[in-house]
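Scroll down for the structure; my scribbles are underneath it.
The values are calculated or read from the model by the stated rules, or taken from the named source; none is laboratory data. The structure presented is a predicted model; accordingly, all values stated were derived computationally and were not measured. Because the Cβ atoms are built from the backbone with ideal geometry, glycine has one as well, and the counts that use them run over all protein chains shown.
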Amino acid sequence: MTPKTTIFRGFSPKTASGVFIAPGAQIIGMVELDKNVSVWHNAVLRGDAAHITIGENSNIQDNSVLHCDKKMDLTIGKNVTVGHSATLHSCAIGDGCLIGMGAILLNKVKIGKNCLIAAGTLLTQNTVIPANSMVMGSPGKVTRTLTEEEIRTIQSNAKSYVELAQEYLHL
């Protein structure tokens with residue numbers, strides 16, 4: 001199975017240098033992937049209703065789904081990790097965040113920089129999360145402020161995915 005990019009309504013996905021799109025991933029329409037972004041196996045980025053923009057060095061892991069409502073963009077900052085099977089819908093994620101496996105972020109959610117959204121967390125429409133927060137639950141609540149060490153670990157995780165993607169590009 002090969003990765004697939006699809007032109008939709010005249011919009012073609014845009015990719016910068018160093019981008020890795022794994023086999024089975026689907027990138028559709030108004031999607032822009034900045035330098036060193038990786039999109040892993042069977043992830044779906046559906047820019048058929050609004051723009052999806054993924055910042056430099058970010059990674060979208062296996063089976064994640066990113067989609068938008070009409071005129072409601074989805075933006076992900078730099079150095080962000082989106083864990084396996086996460087669902088993101090018309091939301092904004094700041095730089096340096098980790099979105100845990102199976103997390104669900106609904107329309108107009110805004111995440112500040114350097115946040116950790118725990119696995120399985122549900123963030124309902126219009127939720128705003130301040131920078132440096134640990135968020136857990138359904139619905140998600142801020143449980144505490146992240147330590148500097150935790151923030152460094154999140155940044156290290158994003159960096160490791162850039163390195164892994166580069167290995168895949170050279171297979």
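So in segment 94-120, with the set limited to residues that are in a loop (DSSP other than H, G, I, E, B) and either in contact with a Cys (Cβ under 6 Å, 6 or more places away or on another chain) or of a type in the set (Lys, Arg) (or both), which one is farthest from Thr143 (Cα to Cα)?
The initial filter retains those residues of segment 94-120 that are in a loop (DSSP other than H, G, I, E, B), namely 94-97, 100-103, 106-109, 112-115, 118-120.
Add one more test, that the residue is either in contact with a Cys (Cβ under 6 Å, 6 or more places away or on another chain) or of a type in the set (Lys, Arg) (or both), and what stays is 97, 108-109, 113, 115.
Details: Cys97: 16, Lys108: 21, Val109: 17, Lys113: 16, Cys115: 11 Å.
Checking each candidate, the answer is Lys108.
Yes or no, residue by residue, for (1) hydroxyl-bearing (Ser, Thr, Tyr); (2) closer than 23 Å to Met72 by Cβ; (3) modelled with pLDDT of 95 or more:
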site: Met101; (1), (2), (3): no, no, yes
site: Gly112; (1), (2), (3): no, yes, yes
site: Thr124; (1), (2), (3): yes, yes, yes
site: Val128; (1), (2), (3): no, yes, yes
site: Thr145; (1), (2), (3): yes, no, yes
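Restricting the first residue to segment 3-30 and requiring it to be within 18 Å of Val162 (Cβ to Cβ) and exposed (fewer than 15 other Cβ atoms within 10 Å of the Cβ), which pairs with a second residue that is modelled with pLDDT of 95 or more and of a type outside the set (A, V, I, L, M) meet a Cβ separation below 7 Å and a spacing of at least six or different chains?
Pairs that qualify, where the first residue is within 18 Å of Val162 (Cβ to Cβ) and exposed (fewer than 15 other Cβ atoms within 10 Å of the Cβ) and the partner is modelled with pLDDT of 95 or more and of a type outside the set (A, V, I, L, M), are Ala16/Asp34; Ala16/Lys35; Ser17/Lys35.
Return yes or no: is Ser160 closer than 26 Å to Ala16 by Cβ, among the small types (Gly, Ala, Ser) and either at pLDDT 95 or above or loosely packed, with under 15 Cβ neighbours inside 10 Å (or both)? Reasoning before the result, please.
Numbers: closer than 26 Å to Ala16 by Cβ: yes; among the small types (Gly, Ala, Ser): yes; either at pLDDT 95 or above or loosely packed, with under 15 Cβ neighbours inside 10 Å (or both): yes.
Spelling it out, Ser160 is indeed closer than 26 Å to Ala16 by Cβ, among the small types (Gly, Ala, Ser) and either at pLDDT 95 or above or loosely packed, with under 15 Cβ neighbours inside 10 Å (or both).
Looking at (1) part of a loop (DSSP other than H, G, I, E, B); (2) on the phi < 0 side of the Ramachandran plot, which is the only condition Ile154 fails?
Here Ile154 clears every test but (1).
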